[in-house]
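The values are calculated or read from the model by the stated rules, or taken from the named source; none is laboratory data. Please read these numbers as outputs of a predicted model, since none were measured by experiment. For neighbour counting, all protein chains shown are included, and Cβ atoms are generated from backbone atoms with ideal geometry for every residue, glycine included. All accessible areas refer to the heavy atoms of the entire protein, side chains included, with ligands and DNA or RNA removed. Shrake-Rupley method; radii C 1.70, N 1.55, O 1.52, S 1.80 Å.
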Amino acid sequence: MTSAHRRTSTPDSPVRRAALLVGVAFLLIGALGFVPGVTTDYDTMAFAAHRSDARLLGLFQVSILHNIVHLLFGVAGVVSARRAADARPYLVVGGLIYLALSVYGVIIDLDSAANFVPVNTADNWLHFALGTGMTGLGLLLPRPADTDT
């Protein structure tokens with residue numbers, strides 16, 4: 001295996017490692033949202049509705065749509081980790097999306113149809129932390145000399 005091949009297939013820069021770690025975490029969380037027991041009141045899970053009483057770890061309100069979004073963010077993170085040029089925008093844009101979702105969750109009435117994801121107060125705080133962390137990683141991690149790594 002050549003060093004050029006290793007460079008494009010392994011996360012050897014901080015921003016690529018961060019995108020990979022975040023992506024794997026989203027995959028894990030998305031998958032766990034479909035596991036009864038890890039997700040309490042699993043039998044009440046709806047596709048997309050505020051009436052879903054399913055809660056990941058008994059705390060974070062989830063739905064099928066919510067879990068699918070986490071899985072998609074996870075796939076995007078793993079794929080973007082192949083190149084720093086992709087990893088950095090994944091972290092920054094993904095972080096901004098999660099920050100927007102946290103603001104949305106604060107603004108809407110959590111008992112209304114506008115809460116279609118659905119989210120609760122714990123989700124809002126988690127989305128704020130994820131958004132801040134992802135954006136911060138994307139902006140603050142050092143840029144590699146070779147933009148392809």
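Condition check: farther than 22 Å from D109 by Cα and open to solvent by less than 30 Å² (accessible area, probe 1.4 Å). Does G33 satisfy that? It is true that G33 is farther than 22 Å from D109 by Cα and open to solvent by less than 30 Å² (accessible area, probe 1.4 Å).
Every residue, every condition in (1) under 25 Å from R16 (Cβ atoms); (2) at pLDDT 90 or above; (3) open to solvent by less than 40 Å² (accessible area, probe 1.4 Å), yes or no:
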| position | (1), (2), (3) |
| --- | --- |
| D111 | no, no, no |
| P118 | no, no, yes |
| A122 | no, yes, yes |
| A129 | yes, yes, no |
| T135 | yes, yes, yes |
| G138 | yes, yes, yes |
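Checking each residue in the stretch 47-104 for being charged (D, E, K, R) and either open to solvent by 60 Å² or more (accessible area, probe 1.4 Å) or farther than 20 Å from L21 by Cα (or both) picks out R51, D53, R55, R82, R83, D86. Looking across the stretch 9-63, just one residue is touching a residue at least 60 places away in the same chain (Cβ under 8 Å), out of contact with any helix residue (DSSP H, G or I) (no Cβ under 8 Å at 6 or more places or on another chain) and of a type in the set (A, V, I, L, M), and that is A49. Those residues that are touching a residue at least 60 places away in the same chain (Cβ under 8 Å) and of a type in the set (S, T, N, Q), I need them from the stretch 64-109; list them, please. Selection gives S80 alone. Just to be sure before I move on: is D12 assigned to a loop (DSSP other than H, G, I, E, B) and either modelled with pLDDT under 90 or open to solvent by 10 Å² or more (accessible area, probe 1.4 Å) (or both) in the structure I sent? Spelling it out, D12 is indeed assigned to a loop (DSSP other than H, G, I, E, B) and either modelled with pLDDT under 90 or open to solvent by 10 Å² or more (accessible area, probe 1.4 Å) (or both).
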